[in-house]
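**Student:** This is the structure, below, for whatever I ask next.
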Amino acid sequence: LQRAFVRNASHDLRTPLARMNAQLESAQRLPGGSPALHDTLHTLQDDITEQAELVESLLLLQRLQSHLPLVRTAVRVDEAVFAALEEARLQHPQLQAEVDIAKNLTHDRQLVVTINEALLRICFRNLLRNAATYSDDGRIRVELSPAKGLLAVVFINSGGHMLPAEQVFEPFYRGPAAESLPGSGLGLSIVRQVVQDAGGSVSYSFDGKHRFELILPTVS
């Protein structure tokens, strides 16, 4: 039943949005029209894109919470971080990131986890986009630290005051500073679901900077 719901909802929700987006693209290519009309069409297209992202996030969250079978492989976390960074920069070209791998790394297997690779990249991309949207300077630091069969992946960025740690991973939670910014409040919920599904944990803390720490079991 869960699998049927996700399949049917995917079709019924995605198709009309894709159709509206195609119609708007065609309308933008028509000759004539005032600048105000083109601005309106562009705004409508942005709204449709935002709704499409919301649909994708809801469907993904539903799939994760329903524990539907996922294909898991051995994935190098550092490579997934860099891949997610390239994807995040498509929407946030101003994002500046520093990736630091701890010096106590002795073997590549300490960076390998068993997980769905696409979901891991989505997880990292959500954290990177979150930093790009809310940080004061558009900078983020990612730290990878192996220890006793686990890998800590910490995303650190500046900006604002401490968030309520008990609410920040709840679906649709958005802080006061986010009310005027795009987003659905589902990104961190997806992060938590992906990490927990892989047998790990995620936590948030604030020490003058926002810190999101993911603990993942490694194959070593």
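The values are calculated or read from the model by the stated rules, or taken from the named source; none is laboratory data. Computed from a predicted structure; not experimentally measured. Backbone-built Cβ (ideal geometry, glycine too); neighbour counts: all protein chains shown. Heads up: the accessible areas ignore ligands, DNA and RNA and are worked out on the full protein's heavy atoms, side chains in. Shrake-Rupley method; radii C 1.70, N 1.55, O 1.52, S 1.80 Å.
**Student:** So what is the orientation-averaged projected area of region 99-220, using the convex hull of its C-alpha atoms, in nm²?
**Tutor:** Mean projected area for region 99-220: 7.5 nm², to one decimal.
**Student:** Amide H of ASN116: which non-local residues (sequence gap of 5 or more, or other chain) have their own amide H closer than 5 Å, using H built in the peptide plane?
**Tutor:** The list, which skips near neighbours in sequence, is THR73.
**Student:** Let's test the formula: R0 of 30 Å, r as the Cβ-Cβ distance of ASN8 and THR40. What FRET efficiency results, to the nearest 0.05?
**Tutor:** It comes out at approximately 0.35.
**Student:** Please calculate how many Å² of accessible area region 106-220 carries per residue, with a 1.4 Å probe and no DNA, RNA or ligand atoms counted.
**Tutor:** Per-residue value: 46 Å².
**Student:** If you don't mind, there's one more thing I want to ask. How large, in Å, is region 122-167 by the Kirkwood hydrodynamic radius built from its alpha-carbon pairs?
**Tutor:** 11.9 Å
**Student:** Could you work out what % of the accessible surface of region 103-220 is carbon and sulfur, using a 1.4 angstrom probe and leaving DNA, RNA and ligands out of the count?
**Tutor:** 50 percent
**Student:** Where the centre of each part is set by its Cα atoms, how far does region 36-70 sit from region 201-220, in angstrom?
**Tutor:** Distance between centres, Cα-based: 27 Å.
**Student:** Another question, then. Could you work out the longest stretch of the chain that avoids the GluC sites (Glu not before Pro) located in DSSP loops with at most 12 other Cβ atoms within 10 Å?
**Tutor:** 1-165
**Student:** Helix 35-65 versus the longest principal axis of the chain: what is the Cα-based angle in degrees, 0 to 90, to the nearest 10?
**Tutor:** 40 degrees
**Student:** Given only helices, namely DSSP H runs of n ≥ 4 each adding -39500 (n - 2.57), what is the per-residue ellipticity at 222 nm of the chain, to the nearest 500 deg cm²/dmol?
**Tutor:** -16000 deg cm²/dmol
**Student:** Let me ask you something else. To check my understanding: the extent here is largest minus smallest coordinate of the Cα atoms along each principal axis. What are those three numbers for region 1-148, in Å, largest first?
**Tutor:** Reported extents, whole Å, longest axis first: 63, 45, 22.
**Student:** How high is the FRET efficiency between ARG19 and ASP136 when r is their beta carbon distance and R₀ equals 35 Å, given to the nearest 0.05?
**Tutor:** Calculated value: 0.30.
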